[in-house]
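First up is the structure itself, then whatever we jot down about it.
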Amino acid sequence: MTIKKTGGAICAVSAVIAIVLSMDSGLRINREGLELIGNAEACRHEPYMCPARVLTVGIGSTGNVQNRRYDDAEIAEMWITDLRAAEKCVNQYANGQAMNVNQFSAITSFAFNAGCGNLQKSTLARYAQRERWPEMCAQLKRWTYGGGKELPGLVKRRGDEYRLCMKEVK
């Protein structure tokens, strides 16, 4: 069996988001946060090796990935599991319960991408604990490097997270 380094059959992020939103998932992240993560990660039906050499499928899912094709419902279930873990991390280490839904969604996107350990030890989390929201949001723009280089995809993602984080809730 061969695992593709990148690529695989593309799936529609919007279709997976629709499935997630139709389920009683218990997630707090809003549609804008789901779209942010989905568009940044993309969606693939078949497993591939991400740049970090981790077997990945769906919308950035890396847990228990098998070398087979996944359907949209399976991808949605895996994504919900991953999002729950990211939300738990934000609540546990970054005062997520005190955030508004846009802040929470942006920081959940960050935790989903950078990992809970990085969030836990970050200045971003320290600002969140003190409820210094503008400073917390500004910290997102510092996380644009991978492998010692600034990556255009992370610059765009962090900019999108920052804008969502600073967006007023109506």
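The values are calculated or read from the model by the stated rules, or taken from the named source; none is laboratory data. Bear in mind the structure is a predicted one, so any value in this text is a computation, not a measurement. Please note: Cβ atoms are built from the backbone with ideal geometry, for glycine as well, and neighbour counts cover all protein chains shown. Heavy atoms of the whole protein, side chains included, go into the accessibility calculation; ligands, DNA and RNA do not. Shrake-Rupley method; radii C 1.70, N 1.55, O 1.52, S 1.80 Å.
For the reader, a short list of remarks on this structure follows.
- Residues 151, 34 ordered from highest to lowest accessible area at a 1.4 Å probe: 151, 34.
- The stretch 21-40-the stretch 52-97 distance, computed between alpha-carbon centres (Å): 12
- Other-chain or far-sequence residues with amide H under 5 Å of residue 146's (modelled H): 151
- Between the residues 62, 155, 113, the greatest Cα displacement towards the positive end of the dipole of the chain, with unit charges on the Cβ of Lys, Arg, Asp and Glu, is found for 155.
- The 3J(HN,Hα) values that the Karplus relation (6.51, -1.76, 1.60; θ = phi - 60°) gives for the stretch 160-170 are, in residue order, 5, 5, 4, 4, 5, 4, 8, 6, 5, 8, 10 Hz. Gly and Pro appear as x.
- Relative pair counts by distance (%), Cα atoms of the chain, 10 Å bins: 11, 39, 36, 13, 1, 0
- In the chain, helical runs assigned H by DSSP with n ≥ 4 each contribute -39500 (n - 2.57); averaged across all residues and rounded to the nearest 500, the mean residue ellipticity at 222 nm is -16500 deg cm²/dmol.
- Cysteines in the chain lacking any other cysteine Cβ under 4.7 Å from their own Cβ: 50.
- For the peptides 55-61, 87-93, the ranking by packing is 55-61, 87-93, with the highest mean count of neighbouring Cβ atoms within 10 Å listed first.
- Share, in percent, of DSSP beta bridges within the chain that are antiparallel, nearest 5: 90
- Normalising the average separation of contacting C-alpha pairs (under 8 angstrom, six or more residues apart) by the number of residues puts the relative contact order of the stretch 28-163 at 21 percent.
- Simple point charges give the picture: +1 on the Cβ of Lys and Arg, -1 on the Cβ of Asp and Glu, and for the stretch 72-170 a dipole about the Cα centre of about 540 debye.
- Of 23, 78, 136, the residue with the greatest mean-square motion in the GNM of the chain, using alpha carbon springs below 10 Å, is 23.
- Summary value for the stretch 108-170: 27 percent relative contact order, contacts being C-alpha pairs under 8 angstrom separated by 6+ residues.
- Charging the Cβ of each Asp and Glu at -1 and of each Lys and Arg at +1, and nothing else, the dipole of the chain about its Cα centre rounds to 660 debye.
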